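Structure first, commentary second.
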Amino acid sequence: MKKPAVNPYLPSWEFVPDGEPHVFGDRLYVYGSHDRSHGTTYCEEDYVGWSAPLDDLGDWKYEGVIYRKNQDRENPDGKKLMFAPDAAQGPDGRYYLYYGLSDVEYIGVAVSSSPAGPFEYYGRVAYEDGSGLEGLAFDPGILAEEDGIYLYYGFSHKADDKTKRQFEVMNKKIMPGAYMVKLDRDMKTAVSKPVLIANGYSSAKGTSFEEHPFFEASSIRRIDGKYYFVYSSLQGHELCYAVSDSPEGPFVYGGVIVSNGDIGLGEGQRAYDANNHGGIVEVKGQYYIFYHRHTHGTHFSRQGCAETIRIMEDGSIPQTEITSCGLNRGPLPAKAQYPAYIICNLHGPKPACHIPSKPPYDETVPYLWETEEEDREQRILYLKNLQKNAACGVKYLEFSGVSEIKVTVKGASGRIHVCLDDEKNSPSAVIHVGNTSEEWQSCTAPAVISDGIHAVYFWFEPDTGSMDMLDFRFS
C-alpha cells in the first residue's frame, strides 16, 4: 500500500528549500539548497539529493550528499554558503548542477554521470575570454534544449535604506531584473550578451511586471510550446510566472502561482509568510509547483512543499492554495495518524503575518519546532506555542464513518475545538485537556463528522500559557 504524500514531502528532519523538481528517467529528483535545523541564516549545509518514483510521490529516497561547499575551488574552507541550485541534462548525456556562493560574483557548475550525483566541480560560467556575467550571478535557472542552452539569473530589489541594510552584501550588483544568457554546448561558456527578460523594481514601471516585479528565484520550463519563467516577486511570499513564445523573451507577466502565506485567496492571510523559491514539474499528466515554508519562527530552517496546479487552455495558471496533501493528488484518508507538522494554515492570537528576518520576534506567534537529538532521524518536529485563540488547519481529509478524534499534546490544560471547513464554524468535537503536563499526553473526544472531504481546523483555548501539539488521529 502506498504511503500518503504529505507536505512537507521530505522527512520532517530534512530542510531542503528552493526546490527545483526535474524528471530524469523514471524518477523525480529535487535539487535545492540545504538549511540547518535551528539555523541562523540560509543555506548552511552541503547539497543533498532526494528522489521519488514517478508512480509513488510519497516514497522519497535519500541519495546522500551530492555536492559539498568546499568542492568549489574558491571555497576550500567551506565557509561560503551555497545558495539555490538548478540542474539539467547536457547534450553529452551528463547532468550539470548550477549554483551560486555567498560573496562571489560567478555561477559555479558541477557535473555527474547520474542525476543522483555525486557531482564534481566542473568550472564556472564565463565568456571565452574568462570574463564573468553581468550583474549578480544568483539563483541560476537552466534550460537545455536541442537548439540551445539558456541560463537565467538575477537579483533585484528596492534601493531604499532599509533594503540596502538587509541585503548589504548584494548591493554592489543590484540588477534591473532577471537576465538570460545563452551557453555553449560545453554547458559553461557564455556565448551571448545578457538579455533582460523580467523587470525588477527599478525597471518595472509601465510594464506587465509593475505590480509584481522580479526579485529573485529564477526558474524556467517549456510547457506545450510556451516558455514559463517562474520567479519570486518583490513581495517575497509569492511565486509568479511570466510567459513567452521564445526562451529569449520577451516575457509577459502572467500571475501568481502560489503564496506560502496563502495571500490572495479570499480574505486575509492563512499562514505566516517569508521568502519563496521553486519550480514546475509534470508527473504523469499532472503539473505541480514546488515551493517552501518556514519553521522555528524564523526565515530559516525551510522545508519543501508542493501543490497541484492547473494550466488552462489559454496557458494561464490560476493561483493554487497551500495544502497538506499536494503530491497526493487528492485528500488524505482521515482514518490515520498524522503529525501536526502537516498543517498548512496557522495563526496565533493575532492574524498571520510576515515573519521578520531578524529578532525581535513576536512571542505570541506559534511555530514548528524540532527537538535536538544528535541522530537527526530521531528528532521530532511539532507545533509549539499555541496560545489562546491560536488555530491551525489541515487540508484536506476524506472522512468515512469517523466518530472520534485523538490528539497528542503537552503544556497547559484547556480545550481544543475541532472545526470543519472553516475555523469559525461550530465545533464538531471539543477535546478537554485536563492536566498541565510537560510530557506528551493523548486526549480523545467524540466527533460528529459527516462523510466526505473536509478541511480540519484545531482552535486552541489553553487555561493559561500555551499548548504544544504533536499529532492527531481520527477513528
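The set of residues in region 188-207 being small (G, A, S) and either assigned to a strand (DSSP E or B) or buried (at least 16 other Cβ atoms within 10 Å of the Cβ) (or both) consists of A190, A198, G200, S203, A204. Would you mind stating whether E238 is in contact (Cβ under 8 Å) with a residue 60 or more places away in the chain and closer than 18 Å to H277 by Cα? So E238 does not fit the description; no. Against the definition (in a loop (DSSP other than H, G, I, E, B) and either surrounded by 20 or more Cβ atoms within 10 Å (Cβ to Cβ) or outside the structural domain of G393 (by TED's automatic domain parsing) (or both)), how does P8 come out, yes or no? Yes. Residues that are under 16 Å from the mean Cα position of the chain (by Cα), within 24 Å of L383 (Cβ to Cβ), in the same structural domain as I322 (by TED's automatic domain parsing) and acidic (D, E) do occur in region 252-273. Would you please name the residue that is farthest from the chain's Cα centre (by Cα), looking only at residues in region 358-370 that are more than 15 Å from N389 (Cβ to Cβ), surrounded by 13 or more Cβ atoms within 10 Å (Cβ to Cβ) and of a type outside the set (A, V, I, L, M, F, W, C)? Per the criteria, the residue is Y361. For region 415-431, the set of residues classified as out of contact with any Phe, Trp or Tyr (no Cβ under 7 Å at 6 or more places or on another chain), within 21 Å of P349 (Cβ to Cβ) and either among the hydrophobic types (A, V, I, L, M, F, W, C) or assigned to a strand (DSSP E or B) (or both) consists of R415, V430, I431, listed by residue number.
Among the residues making up region 289-308, those that are farther than 14 Å from P8 by Cβ and not β-branched (V, I, T) are G297, H299, F300. Can G225 be described as surrounded by fewer than 17 Cβ atoms within 10 Å (Cβ to Cβ) and modelled with pLDDT of 95 or more? Judged against the criteria, G225 is a match.
Considering only strands (runs of 3 or more DSSP E) fully contained in region 294-406, which possess at least 2 residues that are at pLDDT 95 or above and of a type in the set (D, E, K, R)?
Details: elements: 302-309, 337-339, 345-347, 367-370, 381-386, 391-399.
Those strands (runs of 3 or more DSSP E) span 302-309, 391-399.
The values are calculated or read from the model by the stated rules, or taken from the named source; none is laboratory data. Source: prediction; values computed, not measured. Cβ sites come from the backbone with ideal geometry, for glycine too, and all protein chains shown count toward neighbours.
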